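Heads up: the structure comes next, in structure tokens.
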Amino acid sequence: MRILALIAVAGSVAPMAPAADKLTLEDRVELTRGLSSEYANAKVLLPRAKKPLEFNAEAGTYDKKEWSAIAKESGPAARTGDTVQITKIIAFDDHIVMEINGGFKGGQKWYQGVQLDTGAGRVPIGNNDSNAPGGTSIVVQFHKTIEGMKATEIKKLLAPVLDFDRHSVTEIYSETLPPEVRQAIKDKHVVVGMDRDQVRMALGQPFHKERETKDGVDLEDWVYGTPPGKIVFVTFNGEKVIKVKEDYAGLGTDVGSVRK
């Protein structure tokens, strides 16, 4: 009876779930090959950090306040739009550490950007495709055992902070703008409150510029278009647009008279 009871109890115990598969050697090799030496554009300001910057893989987020505080203390490793390079990868069971531009002690050297006069012309001493001012590192925290992760998946996870598709700086910058400004740029239209860079993104370089002082205020007009046709006057006070005027000028019309 006692033996039968033990058999009955043993039979009622639920089988243990199999342990999650950890990263295999092949997985680690694939991650290293797929990420090492890869270039990306920074989509946010990356601070120089002695301790790796934490990125939450599950939520796809990072602590903006913490990163900002580190940047104020240690300075930027890369600003929005800067090109950075992944220089080292270390994959652990539940997190991955990515060294960027050589880590905290990396980044541009004093001789990079310096040119030597050879008599036949000036040539750069150092060469580096990364234009970021410094280095840092990011730790991608999974908070659980990593299973069969590929390099392409890591790149997608890091999309909020790094763009591995290498979009232009202008495209990355435009994503940080308020929706109404972004839409105005898309529509090739200028609105009050824009700065000079945003006006250039919307309309390009002005045909000419005019400056005047009105009631003690220094103003600058950027003029777009030539007669005959539509003329756009964009008026700046300092760095911001305070007025936008559109008018039509006939053949032979003085643009200055249209503005007034």
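The values are calculated or read from the model by the stated rules, or taken from the named source; none is laboratory data. This structure is a prediction, so every number in the text was calculated from the model and none was measured. Here the Cβ positions follow ideal geometry from the backbone for every residue, glycine too, while neighbour counts run over all protein chains shown. Protein only, heavy atoms only, side chains kept; ligands, DNA and RNA dropped before computing areas. Shrake-Rupley method; radii C 1.70, N 1.55, O 1.52, S 1.80 Å.
Entry for segment 31-104 at q = 0.25 Å⁻¹: log10 I(q)/I(0) = -1.38, Debye formula applied to identical alpha-carbon scatterers, no solvent contribution.
Per-residue Karplus couplings for segment 223-236, computed as 6.51 cos²θ - 1.76 cosθ + 1.60 with θ equal to phi - 60°, are listed in order as 10, 10, x, 9, x, x, x, 6, 10, 10, 10, 10, 9, 10 Hz, Gly and Pro entered as x. Each label was represented as a point 7 Å from its Cα along the Cα-to-Cβ direction; for Arg79 and Lys245 these points are 3.4 nm apart.
Tell me, what % of the accessible area of segment 171-225 is carbon and sulfur with a 1.4 angstrom probe?
Values: 1640 of 3360 Å².
Percent of accessible area from carbon and sulfur atoms in segment 171-225: 49.
Label separation (Phe207 vs Lys186): 2.9 nm, computed from points 7 Å beyond Cα along the C-beta direction.
With the cut-off at under 19 Å, measuring from each backbone N in segment 70-101 to a point 7 Å along the Cα-to-Cβ line of Lys22 picks out 89-98. Report the FRET efficiency, 1/(1 + (r/R0)^6), for Lys144 and Lys88, where r is their Cβ-Cβ distance and R0 is 30 Å, rounded to 0.05. Between Lys144 and Lys88 the formula returns 0.80.
Across every pair of different alpha-carbon atoms, what Kirkwood hydrodynamic radius in Å does segment 180-252 reach?
Values: mean 1/r = 0.0794 Å⁻¹.
Here the Kirkwood hydrodynamic radius works out to 12.6 Å.
Whole-Hz Karplus values for segment 144-156 come out as 6, 5, 7, 10, x, 7, 9, 4, 4, 6, 5, 4, 5 Hz, taken residue by residue from phi with 6.51 cos²θ - 1.76 cosθ + 1.60 and θ = phi - 60°; glycine and proline positions read x.
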